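The values are calculated or read from the model by the stated rules, or taken from the named source; none is laboratory data. Remember, predicted model here, so these are calculated numbers, not experimental data. We place every Cβ from the backbone using ideal geometry, glycine too, and count neighbours over all the protein chains shown. Side chains included, ligands, DNA and RNA excluded: accessible areas come from the protein's heavy atoms. Shrake-Rupley method; radii C 1.70, N 1.55, O 1.52, S 1.80 Å.
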Amino acid sequence: MHPRRLAALTIALAITAVYAPRPAAQSRACEIRPNNTAEKLLACVTLKGVRAHQSALQAIADANNGHRTGGSAGDDASADYAQAVLERAGYTVTRQTFQFQTFYQRTPSLLEQIAPAPAGPVANTILSYSGSGDVTAAVVAPSGVNGCQAADFAGFPVGSIALISRGACTFAIKGINAFNAGAAGVVMYNNQPGAIYGTLGNTFSLDIPFTSVTQAVGLQLASTSGLVMRLRVDTFRGLATTTNVLAETNAGDPSSVVMVGAHLDSVNAGPGINDNGSGVAAVLETARMLARTPLQNRVRFALWGAEESGLIGSRFYLNSLSAEERGTIASYLNFDMIGSPNHVFFIHDGDDSDQVGFGPGPDGSDEIEKIFEGFYQSRGLPFKGADFNGRSDYAPFIDYGIPSGGVLTGAEGIKTAAEAAMWGGTAGAAYDPCYHQACDTFDNVNLTALEVNADAVAFATLQLAGPRGARPRARGPSHVVLPPQAQADEHSPVFQ
């Protein structure tokens with residue numbers, strides 16, 4: 001089947017799943033009534049609905065070489081899916097197109113031992129911005145195992161595959177030296193346990209395939225006499241086109257806009273169902289259930305393109321606005337990884353009360369933080385501050401002085417013993433052990449964390465939007481209305 005027809009079929013099946021009949025309590029009434037209280041909205045934003053969107057994104061990745069990298073067919077299909085969901089809910093959708101420098105694999109890489117026996121594939125991870133190639137050749141280590149000096153390749157047999165160790169210089173320098181010595185490919189092994197997830201940098205343009213293996217595998221290859229391997233890498237490097245997907249409520253004051261965003265793209269390594277299918281799914285389901293609700297402030301939902309390439313989509317969007325248009329944005333909520341398997345309930349530290357890292361957000365960010373604090377308190381759940389470290393799409397909003405906030409559950413950071421005692425899970429392990437890896441699939445989610453945080457997304461959005469008739473707000477939020485169960489528990493302990 002033609003790729004575009006396959007993508008269209010995948011999207012059609014996914015949308016059918018999203019709009020399949022629900023139990024009576026979550027019937028179609030949720031989609032057509034005004035969900036103008038936290039009780040109504042949170043009853044309608046269900047885990048089932050959120051998981052249906054994640055399932056759709058997984059199916060899209062499966063149909064597109066296992067990923068949804070910005071500018072790829074999987075990315076395009078993801079944006080098509082989001083647009084279709086939002087349009088079916090009644091929104092007018094805008095696709096903002098832009099170009100950016102990108103890299104992705106067209107097909108999975110192959111590293112295979114040909115001789116000596118036994119022959120067979122070898123697990124490997126290509127470096128970002130690797131060139132393409134399909135070569136079968138002898139594997140030779142340079143005299144200097146790191147390959148950081150041109151002299152390390154003196155006498156290197158032209159057309160061979162270079163086997164080098166990580167360390168002592170950049171990956172790009174190793175690749176340049178190998179290429180200049182006539183190597184047909186590079187296999188780099190780690191200098192510590194574990195795989196390498198690295199990049200040659202977006203200025204690396206040499207047409208040489210470059211992959212990596214673990215330390216244990218590399219040392220085994222280095223000790224193998226008469227080693228011949230096949231290395232096949234098929235990549236795209238260059239300008240790619242992607243889109244931001246934007247939709248906003250018909251209701252609400254257009255001069256006071258609450259923006260709610262999540263990045264749509266994955267990394268090249270995998271489907272990105274926690275990073276960031278979790279945030280996307282919660283935003284989509286919140287948008288669906290708010291579509292018929294009269295609001296005081298307008299809500300604009302944004303699914304950003306090319307976040308994984310450097311927050312490009314969100315920055316492009318803000319730069320495209322006039323100062324007057326940016327001035328209508330009262331606040332921004334960002335949701336990036338909200339269902340990590342080994343989760344902690346993090347809230348962006350809007351007031352810098354933790355005194356960690358980069359300081360507070362713009363005025364009003366502290367009030368957004370209070371909204372999420374109130375939400376977790378209403379559930380009797382502990383939470384912890386997270387620094388505005390610039391790693392997600394809130395960064396350009398903060399740069400423009402727009403109050404920002406959000407929740408997250410952690411990426412490659414390591415859970416402490418104290419955190420494990422508070423939230424459960426495994427101390428000494430990453431919050432998301434599959435962060436930026438092929439295993440970030442539909443199964444790479446803590447369902448409890450995802451369900452709680454999907455409610456947090458919906459709750460905070462409604463609080464900032466203000467059901468029609470609420471007290472007017474100045475720029476940024478000015479008050480918090482807790483869910484009914486929180487009123488008797490508003491002095492419960494706060495964990496930070």
Rounded to the nearest 0.05, FRET efficiency between ASP62 and SER143 (Cβ-Cβ, R0 30 Å) equals 0.10
Sort 422-434, 178-190 by the packing proxy (mean of other Cβ within 10 Å over each peptide's residues), most packed first. 178-190, 422-434
Tell me, in nm to one decimal, what length is gained between THR92 and THR416 on full extension, where the rule is 0.36 nm per residue of separation less the Cα-Cα distance? 112.2 nm
Kindly work out what percent of the DSSP beta bridges joining two residues of the chain are antiparallel, to the nearest 5. 55 percent
How many percent of the accessible area of the chain is carbon or sulfur, using a 1.4 Å probe? 55 percent
Count of Lys pairs (Cα-Cα under 22 Å; at least 8 positions apart or interchain) in the chain: 4
Size-normalised alpha-carbon gyration radius of the range 59-138, reference 2.2 N^0.38 Å: 1.60
How do 278-291, 452-465 rank on mean C-beta neighbours within 10 Å, highest first? 278-291, 452-465
Calculate I(q)/I(0) for the range 190-257 by the Debye formula, one identical point scatterer on each C-alpha and no solvent, and give its log10 at q = 0.15 Å⁻¹ to two decimals. -0.74
Once the dipole of the chain is set up with Lys and Arg at +1 and Asp and Glu at -1 on Cβ about the Cα centre, which of THR107, GLY226, LEU462 lies farthest towards its positive end? THR107
I'd like to know which of ALA73, GLY167, CYS434 lies farthest towards the positive end of the charge dipole of the chain, counting +1 on Cβ of Lys and Arg and -1 on Cβ of Asp and Glu. ALA73
What does the accessible area per residue of the chain come to in Å², with a 1.4 Å probe and no ligands, DNA or RNA counted? 39 Å²
Helix-only estimate, please: 222 nm mean residue ellipticity of the chain, summing -39500 (n - 2.57) across DSSP H runs of length 4 or more and dividing by its residues, to the nearest 500. -9000 deg cm²/dmol
Please give the Cα centre distance for the range 241-259 versus the range 286-305, rounded to the nearest Å. 7 Å
At 25 °C and a viscosity of 0.890 mPa s, what translational diffusion coefficient does Stokes-Einstein give for the range 97-229, taking Rh as the Kirkwood radius over Cα pairs? Give it in µm²/s as a whole number. 165 µm²/s
Per residue, the convex hull enclosing the Cα atoms of the range 266-410 spans a volume in Å³ of 129 Å³
Which order do peptides 267-273, 144-150, 28-34 fall in by mean Cβ count within 10 Å, highest first? 267-273, 144-150, 28-34
Can you give the Rg to Rh ratio of the range 226-339, both from alpha-carbon atoms, with Rh computed by the Kirkwood formula? 1.14
Place a +1 charge on the Cβ of each Lys and Arg in the chain and a -1 charge on the Cβ of each Asp and Glu, then give the dipole magnitude about the Cα centre in debye, rounded to the nearest 20. 1120 debye
